[in-house]
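Please read the structure below before turning to the comments.
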Number of protein chains: 2
Amino acid sequence: MKVTAKGENGVRAMTILALEFRAGPISLREIAAREGLSYQFLEQIFLPLRRAGLITSVRGAKGGYALARPPEEIKVGDVLRVLEGPIAPVECVGEGNGEVCGRIAACLTRGIWERLRDRMSEVLDEITLADVINTPADST
Amino acid sequence: MKVTAKGENGVRAMTILALEFRAGPISLREIAAREGLSYQFLEQIFLPLRRAGLITSVRGAKGGYALARPPEEIKVGDVLRVLEGPIAPVECVGEGNGEVCGRIAACLTRGIWERLRDRMSEVLDEITLADVINTPADST
DNA sequence: CCAAATCCCGATAAAATTACTCGGCTTTTC
DNA sequence: GAAAAGCCGAGTAATTTTATCGGGATTTGG
């Protein structure tokens, strides 16, 4: 029941883009240095985020990445769905998926996963990048 | 962000034990047949559940497994914690874990995972096995 | 007392997923 | 035109998950 490193680091990287939203594009090299991640792993994260339209890129020297929209308009759920696929605790209850598997207790347990999925989506869609950068990091 | 097959099938198997709670112990062979799972994989699921005290076993011919407590008193969260470890979307926010990692945006993103973890626990701890077997399987 | 049913359990093999790297290309600035 | 950056497919390494095996130990029923 874990988010992958890709998802976790993707959110982390997007947080940096949110912090620097007014400062123009930031290079992967800089983000990699700030977060202690490899340049190449970050590339793998940014590629799908750009294709999904969450970030924009500027090529060439002085280039880099920036959020495509202001931090208030990007939800954590958006980022995770791009990097990890639909939010769903089990395959058969993918968001907007009506399939049913053939096993006997299947329909009994299904409700659990649907409720869990809905609450997970709810939390992740109510937190924007703006919330993330504005929340004081109190709880040690 | 998925539950493993072990967790999913564990909940499924516990549901069967809940359905047959009054009927005495059920053998793994029977559960395996009813759910289309391998006997040996189920063994791997039941061993930790028994060690955790969620089920009891009776050895020998006519033996099998039964819930240690009535279905009303066993939460889905209990089962998942045994089979998958603490409910936590990322390592560093394991239930009751105060650690902090050293990276820069760490404390900014941490709050996300804490909120997610809390809501996940909440859902899973408000559903008992009794709820699972009593909920009509309407939503096709 | 024996045979069959059943749980007990460590070890390990197989498969799947995830994490990470490589190499080479294209675009832009200075 | 050289350096700084992004673009991108392919491939390898590491980890986790799934599944199997083999042999014990315990109980029931004949």
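Here, each number is a calculation from the coordinates, and none is a lab measurement. Remember, it's a predicted structure, so these values are computed and weren't measured experimentally. Positions of Cβ are backbone-derived with ideal geometry, glycine not excepted, and every protein chain shown enters the neighbour counts.
In whole Hz, what ³J(HN,Hα) sequence does region B:38-52 give by Karplus (6.51, -1.76, 1.60; θ = phi - 60°), x for Gly and Pro?
6, 3, 6, 5, 4, 4, 5, 7, 6, 4, x, 5, 6, 4, 7
Using a basic spin-label model with each label point 7 Å from the Cα along Cα→Cβ, how many nm lie between residue A:58 and residue A:126?
3.7 nm
So what's the angle, to the nearest 10 degrees on a 0 to 90 scale, between helix B:5-19 and the longest Cα principal axis of chain B?
Roughly 50 degrees between the two axes.
Take every Cα pair under 8 Å in chain A that's 6+ residues apart, average their separations, divide by the length, and report that relative contact order as a whole percent. Intermediate results must be reported in sequence, preceding the final value.
Working: 156 pairs, mean separation 38.0, N = 140.
It rounds to 27 percent for chain A.
Can you flag which of A:6/B:6; B:6/B:75; B:6/B:62 are past 19 Å Cα-Cα?
Details: A:6/B:6 23 Å; B:6/B:75 17 Å; B:6/B:62 26 Å.
Those over the limit are A:6/B:6; B:6/B:62.
So what is the calculated 222 nm ellipticity per residue for chain B, using -39500 (n - 2.57) for each DSSP H run with n of 4 or more, over all residues, to the nearest 500 deg cm²/dmol?
For chain B, the value works out to -16000 deg cm²/dmol.
Quick check on chain B: what are the equivalent-ellipsoid semi-axes from the Cα gyration tensor, as sqrt(5λ), descending, whole Å? Each step should come with its number before you reach the end.
Values: eigenvalues 213, 53, 34 Å².
Here the semi-axes work out to 33, 16, 13 Å.
What base-10 log of the normalised intensity I(q)/I(0) is obtained for the protein assembly as shown from the Debye formula, alpha carbons as equal point scatterers, at q = 0.08, 0.09, 0.13, 0.14 Å⁻¹?
Evaluating at q = 0.08, 0.09, 0.13, 0.14 Å⁻¹ gives log10 I(q)/I(0) of -0.41, -0.51, -0.88, -0.96.
Residues with beta-carbon under 13 Å from that of residue B:40, excluding residue B:40: net charge, scoring Lys, Arg +1 and Asp, Glu -1?
So the surrounding residues net to +1.
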